[in-house]
Amino acid sequence: MADITRKILNFIDLHKGEENKKLVIENITSAVSFRGSNIWILACAIIIASVGLNVNSTAVIIGAMLISPLMGPIVGAGFGLGMYDFELVKKSIKNLLIATFVSLITSTFYFYISPFKEAQSELLARTSPNIYDILIAFFGGLVGVIAVTRVEKGNPIPGVAIATALMPPLCTAGYSLALGNFIYFLGAIYLYTINCVFICIATFIIVKYLKYPVAKQLDVKSEKRVKYGVTMLILLMTIPSVYFAYQLYIQKSYNSRTEVFIQKEFLNNDYPIIYKNIQYNTNPKKIELAFLTKKFTETEIDSLNKKLNTYNLPNTRLVIRQDTVNLRKDIMNQINSNQNIVDQKDIIINNLRNQLAQYHFGSDKISTETKILFPEITSLTIGNYTSGSKTDKANVIPVILFQSEKELDIKTKQQLKLWLKERLSKDSIEVYQQNKNTTTTVTTKKSVQLKN
């Protein structure tokens with residue numbers, strides 16, 4: 001058993017392939033300083049990351065993280081702490097503060113002059129740190145410091161720069177300062193601090209494990225003071241993030257129960273939803289819904305509100321939007337912000353219904369021809385759906401709704417689709433079959449789309 005244990009320990013021994021300690025310390029010390037080119041590289045990386053957050057581009061943000069030199073002073077502080085080299089610790093913290101200050105000024109200036117002020121999802125993701133961010137920072141820091149202590153550096157460093165994500169929180173903090181949103185600022189700075197602290201702690205652990213030479217011999221009391229300081233720092237960073245992680249779990253559980261409520265009470269009853277907005281942080285919480293054609297009475301709405309408790313949705317109010325004054329604007333805002341909570345097919349059909357007055361079966365030649373070729377079809381309506389800009393003709397897609405005496409078989413449906421594409425001279429069309437027992441409503445369960 002002892003022999004097996006020894007082999008396992010030998011197999012995972014970090015001392016194998018280790019770089020000369022003196023050379024590693026020299027490299028770490030030289031990477032700590034922020035002067036000249038490092039400042040310019042940092043400022044450019046901040047601008048790139050800010051643009052990425054502004055346009056919600058993950059690829060651009062990743063590029064900025066790869067060229068950022070922020071890891072240097074953080075790893076330097078970890079090395080200094082592990083070797084009790086407090087001069088290196090002071091130098092590292094000083095340069096990290098300089099880098100942070102430069103980053104905040106640059107990002108604040110960019111977002112102040114940028115015409116686009118909307119908070120995108122990539123930006124909002126950096127305002128609510130939790131325990132998972134700690135795990136990412138810690139294990140990313142472990143990988144980073146292990147890599148810099150190897151003879152063969154390998155390729156983990158770029159991955160560490162991406163995973164630990166030091167740039168985006170700083171840019172988000174700059175965005176918050178530019179807009180005067182101090183709640184976002186505190187969240188972003190907290191995430192940045194978490195990343196810095198736990199990369200530093202991971203470095204400290206590896207430095208102690210690899211037994212780097214101590215720069216200054218400390219007595220037992222001083223060593224205990226350092227260990228207590230590190231422990232307190234870990235607790236200060238961890239406790240709030242655990243709380244935020246718990247809140248995230250509670251919110252996701254609530255959203256899951258809300259989806260069950262919506263599914264059972266509405267979707268299972270064939271009430272297609274065209275608008276959905278769940279407001280978790282209000283008091284009471286709100287579930288706002290709007291439907292394609294279904295109108296609810298006050299009695300029905302009261303009954304649905306009473307059912308919320310049976311789905312474990314306390315302190316929640318159901319609001320059914322049946323006014324049309326601001327509903328269209330709200331729907332378009334949701335689509336443009338990529339919230340993915342509106343059924344796109346229902347929107348297409350709803351838009352089509354607004355165009356139906358322009359078309360009449362008896363006067364439409366294509367409708368007449370279709371009825372002759374496909375006698376089962378009793379009515380057919382054609383409209384146009386613009387998938388992009390209204391001025392972009394290339395994005396105008398014909399949408400056809402038809403009714404038939406009986407359900408068409410697959411072969412007939414395909415023939416109908418091919419004929420309509422040829423007749424309309426279009427490469428792409430959308431064809432839906434209406435249930436004869438309904439009006440112009442096409443529900444998600446009763447409609448059949450003939451895909452291209």
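Take 47-57, 31-41, 166-176 and order them by the average number of nearby Cβ atoms within 10 Å per residue, most first; the result is 166-176, 47-57, 31-41. Here the spin labels are modelled as points 7 Å beyond Cα on the Cα-Cβ line, and at residue 6 and residue 239 they lie 4.6 nm apart. With a ≥ b ≥ c taken as the square roots of the eigenvalues of the C-alpha gyration tensor of the stretch 1-81, please select rounded if a/c is under 1.5 and otherwise prolate if a/b is larger than b/c or oblate if it is not? Because a/c hits 1.5 or more and a/b fails to exceed b/c, the stretch 1-81 counts as oblate. Among the listed pairs 295/413; 90/221; 117/276; 276/411; 91/221; 264/285, those with a Cα-Cα distance over 29 Å are 295/413; 276/411.
With a ≥ b ≥ c taken as the square roots of the eigenvalues of the C-alpha gyration tensor of the stretch 2-217, please select rounded if a/c is under 1.5 and otherwise prolate if a/b is larger than b/c or oblate if it is not? Verdict is prolate for the stretch 2-217. The calculated FRET efficiency for the pair residue 422 and residue 378, based on their C-beta separation and a Förster distance of 22 Å, comes to about 0.50. Counting charges near residue 178 (Lys, Arg +1; Asp, Glu -1) among other residues having Cβ under 15 Å from its Cβ returns a value of +1.
For the pair residue 13 and residue 139, a Förster radius of 22 Å applied to the C-beta separation gives a FRET efficiency near 0.70, rounded to the nearest 0.05. Placing R0 at 25 angstrom, the Cβ-Cβ distance between residue 147 and residue 37 gives a FRET efficiency of 0.65 after rounding to 0.05.
Site pair residue 319 and residue 223 shows an inter-label distance of 6.2 nm when each label is modelled 7 Å from Cα along Cα→Cβ. Averaged over residues, the count of other Cβ atoms within 10 Å places the peptides 286-295, 17-26 in the sequence 286-295, 17-26, highest first.
Remark: the residue 283-residue 208 segment gains 22.0 nm on full extension, using 0.36 nm per residue and subtracting the alpha carbon distance. Taking the Cα centroid of the stretch 253-268 and of the stretch 77-107, what is the distance between the two, rounded to the nearest whole Å? First find each Cα centre; the distance between them is then 49 Å.
The numbers here are math on the coordinates, done by the rules we state, and not lab data. This one's a predicted model, so the numbers in the text were calculated from it and none came from an experiment. Positions of Cβ are generated from backbone atoms using ideal geometry, with glycine treated the same way; all protein chains shown enter the neighbour counts.
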